[in-house]
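Working notes, structure below.
The values are calculated or read from the model by the stated rules, or taken from the named source; none is laboratory data. Note that the structure is predicted; figures quoted are calculated from it, not measured. Note that we place each Cβ from the backbone using ideal geometry, even for glycine, and neighbour counts take in every protein chain shown. Note: accessible area is taken over every heavy atom of the protein model, side chains too, but ligands, DNA and RNA are not part of it. Shrake-Rupley method; radii C 1.70, N 1.55, O 1.52, S 1.80 Å.
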Amino acid sequence: MSVNRVSPPSVHNPTDQISQVVTVDGTRLVHLSGQVAWDVRGRPVGLGDHEAQAAQIARNLDAALAAVGATRNDIIEETVYVVDYTPRLLPAIFGPLRAGVAEAPASTLVGVPALFAPEFLLEVRVVAALPGRGSHQPAVPADDTAAGEPASTPEPRRVRATSPTGEDQDLETALTRRAWEDPAFAARLEREPLKALASMGVHVPPGVKVQVRLQKRDTLYYVLPPAKRPDEPDRREPVNLMDLWRSADHFVWLLPERLKTELLAMRRGFHEARTGTITTRSSHEA
């Protein structure tokens, strides 16, 4: 299957969170019903909070897509319906929806006066693409674990398969695979992460620090968020505006919300180094 995402310079692209054009060859399409912010029992989550509802919708999308062996990275098209829409809501909506996603789909956002029930502020409908041949087993155990509820610890999974060219498609998969297969690189990754990343064509933006910890099976990790400054307003966001970016079951980024752009730049740098291409950016990103 070949997926090509293009944002041509002749068409204004307001953000790298979306792609203007997506083409897919040799695929089968997965159509999902519109997802809203409810748990497995139909109870609304995040009443009155667009960001909390977007996060629950992302969990519901993960669960639905996993049932056919897909992830949010496989989404090629989305339509987002928003009640009480204003442009200031964009980070609250797309932050959770894009968390852990390396590629942006074609996207349409529609402001609406109401959805089917007053508790819900967002509804997201997506189309995903999977290879056209072969069977697809569910990516999660067929149990009663609910989206948005604690799940039992699964058995460790292998890093997902490489692309048809034999190369990993995203930074995190390649980074994980190399650390697993090369102990010397793994040690350098913890000791000198910037140099280790540079060896993969990834250059960390100036002013950004990176720490890498290789998870150990007998270690419990606890990350203390930064203290709230006296001049900061009260806030409702979890863990002091820190975001967890996750893909599959093998890596996590923990980062302040303001560093999302820098992480996307690192991912772009890896893609450009791997493919020898330069990603087109809109004028306001230059």
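In this simple spin-label approximation, Y221 and R28 carry label points 7 Å from Cα along the Cα→Cβ vector, and these lie 3.5 nm apart. Ligands, DNA and RNA excluded, the heavy atoms of D62 present near 60 Å² of accessible surface to a 1.4 Å solvent probe.
For the pair region 203-222 / region 46-89, the C-alpha centres are spaced 27 Å from each other.
Of the peptides 95-108, 75-88, the ranking by mean beta-carbon count within 10 Å, highest at the top, reads 95-108, 75-88.
If you sort L122, L194 by accessible surface, 1.4 Å probe, largest first, the order is L194, L122.
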